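As structure tokens, the structure follows; a few thoughts come after it.
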Amino acid sequence: FSANAASWSELRSLHVNEESVERAMGQMLASPNIGTLVDLGTGTGRVLEVFSKQASKLLGVDSSRDMLAIARTNLERLGLRPELRQSDIYALPLPDASADVVTIHQVLHFLDEPQKALLEARRILAANGKLLVVDFAPHELEELREDHAHRRLGISAEQMTAWFNRAGLTLERHEVLDPPWLKDRKGLTVSLWLARPVAANISKASKFKALQ
């Protein structure tokens, strides 16, 4: 991540049309006031910028200082000063139920343990919160493992649903965006998943806290 920080936007543009993805994300989170938004693996801070007019509080988390430095520069140039924190995505320095919206944009395919990251996202979600995940659908571009450190070649709808279920989340909406162009006769499809905490799990969590 540190080696690629300066060219992160360029790398992303090689794989997906960001304008189309951001438009779809906006349609999924269409509320004019989404409260506190936490962007995990915030990278250049673009997701924070996209939702800056809708969120009353913005928080970006990333494990890379280089990424956070770029995000801070990009956002301050626009007059935005969100809270940016360096942290492990598997152990977020945030209290339970502190986020109204959590976004994970093109991050899970880099992780060794996506399930663990989703469990942490679920932990910080408010009872009526929303989790928006954006990632690649399954593909066969093996070069992304070596060139861009991808741990997995996309994520299927079945796999994501299984992860959600184990994390106490229920899938509310799933959209697929076909590749907007083909590069060397290859293209990447993007999937967007919107999930909410399962009500039964919320009740169990509340009872557990009451006994502590």
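To keep it simple, each residue is scored yes or no on (1) modelled with pLDDT under 60; (2) under 21 Å from GLY41 (Cα atoms).
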{"site": "ALA126", "(1), (2)": "no, yes"}
{"site": "ILE155", "(1), (2)": "no, yes"}
{"site": "THR170", "(1), (2)": "no, no"}
{"site": "ARG185", "(1), (2)": "yes, no"}
{"site": "LEU194", "(1), (2)": "no, yes"}
{"site": "ALA200", "(1), (2)": "yes, no"}
{"site": "SER203", "(1), (2)": "yes, no"}
{"site": "GLN212", "(1), (2)": "yes, no"}
Check: How do the pairs read when you match residues in the stretch 82-102 that are at positive phi with residues anywhere that are surrounded by 15 or more Cβ atoms within 10 Å (Cβ to Cβ), using Cβ under 6 Å and keeping only pairs 6 or more apart or on different chains?
Finding: ALA97/ALA126
Checklist line | Matching residues in the stretch 26-68 - criterion: being free of Cβ contacts under 8 Å to residues at least 24 places away in the same chain and over 23 Å from LEU108 (Cβ atoms) | finding: ALA30, SER31, PRO32, ASN33, LYS53, SER56
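Just one of LEU48, LEU11 is of a type in the set (A, V, I, L, M) and at pLDDT 95 or above; which is it? It would help to see each step written out before you state the result.
Details: LEU11 fails: at pLDDT 95 or above.
Answer to the selection: LEU48.
Show me the helices (runs of 4 or more DSSP H) found entirely inside the stretch 41-142 where at least 3 residues are surrounded by 14 or more Cβ atoms within 10 Å (Cβ to Cβ) and touching a Leu at 6+ places or on another chain (Cβ under 7 Å). Give the steps one after another, and end with the answer.
On the way: elements: 46-50, 65-77, 114-124.
Because the criterion is at least 3 residues that are surrounded by 14 or more Cβ atoms within 10 Å (Cβ to Cβ) and touching a Leu at 6+ places or on another chain (Cβ under 7 Å), the helices (runs of 4 or more DSSP H) in the stretch 41-142 that meet it are 65-77, 114-124.
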Check: Consider HIS139 against the criteria (1) over 16 Å from LEU92 (Cβ atoms); (2) modelled with pLDDT of 80 or more: it satisfies all of them except one. Which criterion is unmet?
Finding: (2)
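The values are calculated or read from the model by the stated rules, or taken from the named source; none is laboratory data. It should be emphasised that the depicted structure is a prediction, and the values quoted were computed from it without experimental measurement. With ideal geometry, Cβ positions are generated from the backbone for all residues, glycine too; neighbour counts draw on all protein chains shown.
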